[in-house]
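As structure tokens, the structure follows; a few thoughts come after it.
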Amino acid sequence: MLARVSSAAVLGVDAYQVAVEVDLARGLPNFFMVGLAEGAVKESRVRVESALKNSGYDFPQRRITVNLAPADIRKAGSAFDLPIALGLVSIGEKLDQKKLRTTLVVGELGLDGQVRKIPGVMCMAVMAKELGLQQMLCPAECAIEASAVGGPEVLAVSRLEQVVEHFTGREELAPVRCQRGQALAPDNAGAVNFADVKGQEHAKRALEVAAAGGHNLLLLGPPGSGKTMLARRLPSILPPLSFSEAVETSKIYSIMGLMKPGTGLVGTRPFRAPHHTVSDAGLVGGGSVPRPGEVSMAHNGVLFLDELPEFRRHVLEVLRQPLEDAYVTISRALTAITFPARIMLVAAMNPCPCGYLTDAAHACLCSPVSIQRYRSRISGPLLDRIDIQVEVPAVSYREWIQREPAESSADIRLRVVQARDRQMKRFPTDGQVSCNAQMNPTQVRKFCRLATEGQRLLEIAVHRLGFSARAIERIVKVARTIADLQGVEEIDSDHLAEAIQYRSLDRNVA
């Protein structure tokens, strides 16, 4: 006797359909599982047997073969517990076989028959939507998450008995519905505010330009100058997530099992701040079963690297490919998995080993050689990929004591959103480019027209400071963003002058 149940598994950030085939044959009682099952999948036999017995169903004492098709892709995780149990139950119960094949069934079973939460449900719901499936049956804890994508009807279950009753027709499960506005988690961009920042007008301007164009940013200043505080407030001025961006980000958090209970989508741009002891696999992803790293966890948001020179050099170098391509590819013997990584890189560092090179109130004890050695921990190619390098001076007592609040994040965010709107109207509607930092060389030549005076200024700066071709392109992109903030189409010398002075580390150490 043969039963088939439609299920799914996750590979990278995408799900693929898996047919769970359960066959009972004559012979000595035994249980075989085929289809390249990993450890957690093989252990499902024990969970399924206990769950069936404790829910009042018989576990067949026959030769049982379970096939997970396609059989040439490795299967991991516990999502196949529920479809395997359904296949076994269908031998003794009259279940609707057609409904079994057309309903996507996923879920982990407890020994008492409880249906438990699994990671990656959102990816499976997106796949079900693309395949045109009508229904998806999943654990109740994941129901809001699965219904947020607006695909098939989502049926939430908490126990094995509910599932069996549904497929026998004795009980109808009501679909879980989630409106798009309800699916988004609250945007907590107002949790921190630029109104709390005293002074630092130059640095706040640089952050506004970075947010408006999606540019990578490096904050350079002495200890206590507010570099980390400024960086943590950057998400409060970034544009809100669009629905498609929220789905992309939520799929990654769903895989990692980090979705907040009761919310269907991530509503806030991510802000990830890994410690400088992070490994290269922790930063870009990896493992025997590849999982997303911090770069992918920051997709559509901000990756903040505090004390940049303290990160190991080979860890920083693996950032070069995702910064350029906006994705990470992890290759293994049997497959290559790609994770999205469209991020804003924000880094902070001291100007020298002691930290007080640019601080007028403290004497710097570092020699030019030690300063050069300290800064050389960051390679030139990585620095070229950072569009804005800005000095953050120490805050004076007069600035700190001021009671008048500074400009709020809401006011800055309004200008940023207006600049992003201008960029969205300028670029093609295919969604490949959404801000100035993502422009390719062809688009830079097309959309970044320089006035005559601006061309002369840029030529002088290139000869005096020795900018690389990549750095020149980054300067022009930043100037394009500054012009967008002013609402003008042509880039003039003022815009270029501001963009050029955002290259602090291209100057010689005094």
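Simple spin-label estimate for Ala281 and Glu324 gives 2.5 nm between the two label positions (7 Å along the Cα-to-Cβ direction from each Cα). Taking Cα centre as origin and charging only the Cβ of basic (Lys, Arg, +1) and acidic (Asp, Glu, -1) residues, the dipole magnitude of the stretch 400-506 rounds to 360 debye. Taking label points 7 Å from Cα along the Cα-to-Cβ direction, Thr168 and Lys260 give a separation of 4.1 nm. Radius of gyration (Cα atoms) of the stretch 110-175, expressed as a multiple of 2.2 N^0.38 Å: 1.09. Taking the Cα centre of the chain as reference, the dipole from Cβ charges on Lys and Arg (+1) and Asp and Glu (-1) amounts to some 580 debye. Scan the chain and note any complete DSSP helix (H) whose C-alpha atoms cover at least 24 Å along its axis and whose Kyte-Doolittle average is -0.5 or more. Membrane-span-like by this criterion, though nothing is claimed about a membrane: 469-486. Maximal additional length on extending the Ala451-Tyr397 stretch stands at 15.3 nm, based on 0.36 nm per residue less the C-alpha distance. Entry comment: accessible area of the stretch 234-353 is 36 Å² per residue, from protein heavy atoms only and a probe of 1.4 Å. Listed by chain and number, the lysines whose alpha-carbon sits under 23 Å from that of Lys53, ignoring those within fewer than 8 places in the same chain, are Lys42, Lys94, Lys117.
Which of the peptides 401-409, 260-268 is most tightly packed, and how do the rest follow, judged by the mean count of other Cβ atoms within 10 Å per residue?
Details: 401-409: 12.8, 260-268: 19.4.
With the highest mean Cβ count within 10 Å placed first, the list reads 260-268, 401-409.
When nucleic acids and ligands are ignored and a 1.4 Å probe is applied, Met122 ends up with an accessible area of around 0 Å². The simple Förster model, with R0 at 25 Å and r as the Cβ-Cβ distance, assigns Ala69 and Arg177 a FRET efficiency of 0.20. Modelled label positions at Asn30 and Leu111, each set 7 Å beyond Cα in the direction of Cβ, lie 2.7 nm from each other.
Note on the chain: Rg/Rh from Cα positions, Kirkwood definition for Rh, rounded to two decimals, is 1.08. The residues of the stretch 378-510 have, on average, 54 Å² of accessible surface per residue, using a 1.4 Å probe with all protein chains present. Carbon-plus-sulfur accessible fraction, the stretch 205-291 (probe radius 1.4 Å, protein heavy atoms only): 57%. Give the calculated FRET efficiency between Ala19 and His314 to the nearest 0.05, with a Förster radius of 45 Å applied to their Cβ-Cβ distance. E between Ala19 and His314, to the nearest 0.05, is 0.60.
Selection among Pro240, Val46, Ala143 by position relative to the dipole of the chain gives Val46 as farthest towards the positive end (Cβ unit charges, Cα centre). Taking the inverse of the mean 1/r over every pair of distinct Cα atoms in the stretch 400-510 gives a Kirkwood hydrodynamic radius of 15.5 Å. Pairs spanning more than 19 Å between alpha-carbon atoms, out of Lys251/Lys425; Lys99/Lys251; Lys99/Lys129; Lys99/Lys260; Lys251/Lys477; Lys204/Lys446: Lys251/Lys425; Lys99/Lys251; Lys99/Lys260; Lys251/Lys477; Lys204/Lys446. Toward the positive end of the charge dipole of the stretch 90-212, with +1 on the Cβ of Lys and Arg and -1 on the Cβ of Asp and Glu, the farthest Cα among Val154, Phe167, Leu109 is that of Val154.
Keeping all protein chains in place, calculate the accessible area per residue for the stretch 31-111 (probe 1.4 angstrom), answer in Å². Present the calculation step by step, with values, prior to reporting the outcome.
Details: 3480 Å² over 81 residues.
Result: 43 Å² per residue.
Let's see if you can work this out: charge +1 on each Lys and Arg Cβ, -1 on each Asp and Glu Cβ, no other charges. What is the dipole magnitude of the stretch 144-270 about its Cα centre, in debye to the nearest 20? Write down the numbers at each step before the final one.
On the way: 13 positive and 12 negative charges, 134 e Å.
Computed charge dipole of the stretch 144-270: roughly 640 debye.
The values are calculated or read from the model by the stated rules, or taken from the named source; none is laboratory data. Values in this document were obtained by computation on a predicted structure and should not be read as measured data. In this analysis, Cβ positions are derived from the backbone assuming ideal geometry, glycine residues included, and neighbour counts consider all displayed protein chains. Remember, those area values only see protein heavy atoms, side chains included, never the ligands or the DNA or RNA. Shrake-Rupley method; radii C 1.70, N 1.55, O 1.52, S 1.80 Å.
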